[in-house]
Each structure stands twice: as C-alpha cells, then as structure tokens.
Amino acid sequence: MTDFAATRSQFHLPDGTVYLDGNSLGPMPRAARARLDQTIAAEWGDMLITGWNKAGWMDQPARLGDRIGRLIGAEPGHTVLGDTLSVKVYQALAAALALRPERKVILSDSGNFPSDLYMAQGLIRAMGGTHELRIVAPEEVEAAITYEVAVTMLTEVDYRTGRRHDMPHLTAKAHSVGALALWDLAHSAGAFPVDVSGGKADFAVGCTYKFLNGGPGAPAFIYVAPEHAEVVEPALAGWLGHDAPFAFEPAYRPAPGIARMRVGTPPVLQMAALETALDVWDQVDMPALDEARIALSEQFIAEVAQHAPMLELASPRDPAARGAQVSFRFTEGYAAIQALIARRVIGDFRAPDIMRFGITPLYLSSEDISRAASEIGTVISERLWDTPEYRRKAAVT
Ligand SMILES: *Cc1c(COP(=O)(O)O)cnc(C)c1O
C-alpha cells in the first residue's frame with residue numbers, strides 16, 4: 001500500500017500547475033531546500049574537507065545506488081551513482097564489448113535516444129572503427145539478435161512514444177545467441193517496477209532527474225550484474241574506481257565490484273537533493289505505483305479522446321506495452337504545448353510532432369488528469385495554439 005496523497009504533499013508544485021513532465025525533469029521534493037541548506041552550511045561550510053568522511057560524502061554514490069537498486073530490482077551492492085547517463089552508457093557499452101571481443105556488432109533501435117547512439121558511435125571510433133552500430137526498427141529488434149551481435153543496447157521505454165520493450169524476453173534472446181544485454185532505464189526507473197535481476201540484464205543504466213526526481217543535473221546510475229561485476233575492466237578508469245584511491249599508485253587496479261564503475265569526485269550537492277527524493281521513494285510500493293499509473297493513464301487517454309478526438313494516440317494502447325507517459329501526434333504539437341503551458345498544464349514536445357505527457361501517481365491526482373484533458377480539449381478545439389508567439393521555438397523543447 002502506498003499513500004499517494006502523502007507522497008504528493010512531499011513535492012513542491014507551483015499553485016494551479018498540473019505537472020506532466022516528470023519524464024523529463026521531476027519536481028522538487030519539499031525537503032530538498034532544507035537538506036541542501038544543511039549540506040551547504042553544516043557540511044561544506046563547517047566541515048570543509050572533513051565532510052568527505054564525517055558527512056559520508058564518499059560513500060554516498062554506493063549508498064544511494066542501493067536505494068535506487070531496490071526500485072529497479074538490483075541485487076544489493078551492484079548499483080552505483082556518478083557522472084551523467086551518456087557517460088554511463090559509454091562505460092557499460094565499452095565493458096560489454098570487452099567481454100565479447102570476437103564479436104563486432106552493437107545492436108540498437110531507431111527509437112533509442114540519440115545520445116546513446118552518439119556514445120556508441122564515439123566508442124566505435126575510439127576502438128579503431130572495427131565495430132558496427134546496427135540500428136533497426138524497434139519491432140525488428142528480436143529478429144535482428146543474431147550470432148554476430150556482441151551486445152544489445154536498448155532503451156526500455158521509447159522517449160517519444162512511450163512504447164516499452166519486453167526486457168526479459170529480449171534479454172533471453174540475446175543470451176541465447178551468446179550476446180549481452182545493456183538496458184537504458186532512463187524512462188523506466190521510478191516509472192514502473194523494473195526487475196534487472198529477474199530479467200537477467202547484464203548492464204543497466206539510467207538517470208535520476210526524470211521519474212526519480214533527483215533534480216536538474218542529478219547523477220546517473222549504473223548496474224552491473226553480479227556475474228560480471230568482478231570481471232569488467234572499466235574503459236573510463238578513474239581514481240575513485242581504483243582499488244586504493246588514496247594510495248595514489250601510478251597504475252590502475254580496479255576496485256572490487258561495482259565501485260570500479262565510479263570515475264571521479266561525486267556531485268555532493270546533487271546527491272543531497274537526490275537523497276530527499278529517495279526518502280519519498282522509500283514510502284512507495286512499486287506494484288501499487290504501477291496500478292495507480294495505469295489507472296491515471298487510462299483515464300487520461302479516455303478523457304483526451306473525449307475532449308480532443310482529433311489527437312492521434314502515439315503510445316501503445318495496452319498499458320503493459322508502454323511506460324509512464326502518454327503521447328499524441330499533432331502537427332502543431334509544439335505550439336499546442338506552449339498554449340497548454342500558458343494555462344499551467346505542463347507537458348513537452350519532441351520533434352517532429354509528438355506531444356508528450358508524463359503520468360506518475362507520485363504527485364498527480366485523478367483531478368489533475370481531468371483538468372489536463374479538459375485544457376487539452378480547449379487548446380485544440382479553440383485553436384489556442386494558433387499564434388506566432390507559441391510557434392517560436394525555444395532552445396529546450
Ligand atoms: C534522458 C536520456 C539521456 C540523457 O543523458 P544525459 O547524459 O543525462 O544528458 C540519455 N539517454 C536516454 C535514453 C535518455 O532518455
């Protein structure tokens with residue numbers, strides 16, 4: 001059981017705002033301000049350098065990693081925080097390729113987030129161009145998992161449509177041909193229950209500023225399955241992933257287990273903010289979250305269909321086949337989102353024509369969903385989007 005009224009009361013949301021963009025940047029936990037104040041004044045301010053030991057800054061990446069581990073079904077001691085998601089994709093991919101040296105194909109799909117593809121392209125260049133990044137349509141992934149594939153690099157939930165891959169099924173297929181599976185959980189962690197251990201993922205990565213509500217710039221996480229944790233050789237071998245960072249040895253020796261995936265100094269202020277979000281997550285039962293997510297999403301789809309029947313649903317109709325977002329296709333989607341934001345219903349836009357709405361029970365109620373659907377109906381039916389002001393694109397959409 002989870003009291004979603006109680007979790008909602010622990011987030012700051014501006015008055016009158018319905019926030020449907022937690023898939024991009026989660027809202028601020030109310031406790032973050034006081035916690036950051038304390039970290040800045042009592043820890044950084046008064047403890048100075050001793051904060052690394054006294055305030056536990058150095059252990060925070062592993063401690064918070066384990067709290068995220070619970071949400072993604074990881075074995076304790078196999079998840080660690082640090083860097084940004086793009087960096088963690090690079091690290092995990094390099095580690096996977098090193099475990100399959102005789103194979104040269106990285107398999108991904110056209111629904112993957114571009115940064116993941118760019119990281120793979122850069123890694124291939126750094127390795128001398130001997131590998132191939134093979135990109136197929138999402139529905140063709142399963143058939144494309146052949147004996148040539150070293151690793152499948154997939155994002156479980158498509159950032160545009162919310163379409164969700166069957167992680168255990170595709171992972172089993174990858175293993176059946178001797179390939180490894182790397183999963184990007186950017187739109188999964190905190191969106192619905194994930195089970196990396198039961199699903200046998202070899203590597204998983206994700207960010208903490210989306211559904212996990214860690215704040216802008218909060219660090220990413222990486223999970224390495226127990227069978228690989230003592231074997232992988234990090235391509236980004238930093239001093240904090242060394243077995244003895246403060247021995248300052250000239251040669252790299254990996255730390256035991258997941259700690260080797262750490263690179264450099266962790267972002268202490270960001271981790272303090274993230275910790276307040278994880279305090280809320282500790283009150284959440286993941287199956288209850290899923291049930292509530294499905295109820296709110298189904299309500300949203302039904303009410304948008306009623307108020308704005310001309311919008312085409314871009315997300316799968318089956319709630320089990322989508323993540324915690326609902327998207328619609330509309331040619332003037334960008335302007336429509338601006339008109340909605342002006343009416344304090346916040347979603348976002350992804351080119352070329354996707355209006356995207358994140359649905360999470362952590363701070364959204366059934367009343368919020370009704371209000372959002374009704375405002376969407378007004379904006380579309382009264383063509384409120386049709387002004388030059390709303391068509392002007394900002395740098396961040
Ligand atoms: C959000 C997102 C990213 C962003 O990466 P950062 O390095 O944190 O900016 C990368 N990959 C996927 C799949 C994402 O959804």
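The values are calculated or read from the model by the stated rules, or taken from the named source; none is laboratory data. Note that the structure is predicted; figures quoted are calculated from it, not measured. Neighbour counts are summed over all protein chains in view; Cβ atoms, including those assigned to glycine, are modelled from backbone coordinates with ideal geometry. Each accessible area value is taken on the protein alone, full model and side chains, heavy atoms only, with ligands, DNA and RNA left out. Shrake-Rupley method; radii C 1.70, N 1.55, O 1.52, S 1.80 Å.
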Task: Top of A255, A272, A174 by mean-square fluctuation, Gaussian network on the chain, Cα under 10 Å - done: A255
Task: the stretch 207-309: trypsin sites (Lys or Arg not before Pro) falling in loop per DSSP and having at most 14 other Cβ within 10 Å - done: none
Task: Percentage, to the nearest whole number, of Cα pairs in the chain over 33 Å apart - done: 34
Task: Exposed-loop-free span, longest in the chain, where GluC sites (Glu not before Pro) count as exposed if DSSP calls them loop and at most 15 other C-beta atoms lie within 10 Å - done: 231-381
TODO: Over the stretch 288-397, with every protein chain in place, what whole percent of the accessible area is carbon and sulfur at 1.4 Å, could you tell me?
DONE: 52
Open item on the list: Can you tell me which lysines have their Cα less than 29 Å from the Cα of K104? Leave out same-chain residues fewer than eight positions away.
Closed with: K88, K173, K200
Open item on the list: Can you tell me which of G77, G214, G198 moves the most in a GNM of the chain? Springs connect C-alpha atoms under 10 Å apart.
Closed with: G198
Task: Over the chain: helical MRE at 222 nm, DSSP H runs n ≥ 4 each giving -39500 (n - 2.57), nearest 500 - done: -10500 deg cm²/dmol
Task: Compactness of the stretch 53-121 as Cα Rg over 2.2 N^0.38 Å, two decimals - done: 1.38
Task: Heavy-atom surface of the stretch 164-268, accessible at 1.4 Å and reported per residue (Å²) - done: 34
Open item on the list: Accessible area of the stretch 91-184 with a 1.4 Å probe: how many percent of it is carbon plus sulfur?
Closed with: 57
Open item on the list: Give the residue list of chymotrypsin sites (Phe, Trp or Tyr not before Pro) in the stretch 102-168 that are DSSP loop and have at most 13 other beta-carbon atoms within 10 angstrom.
Closed with: Y147
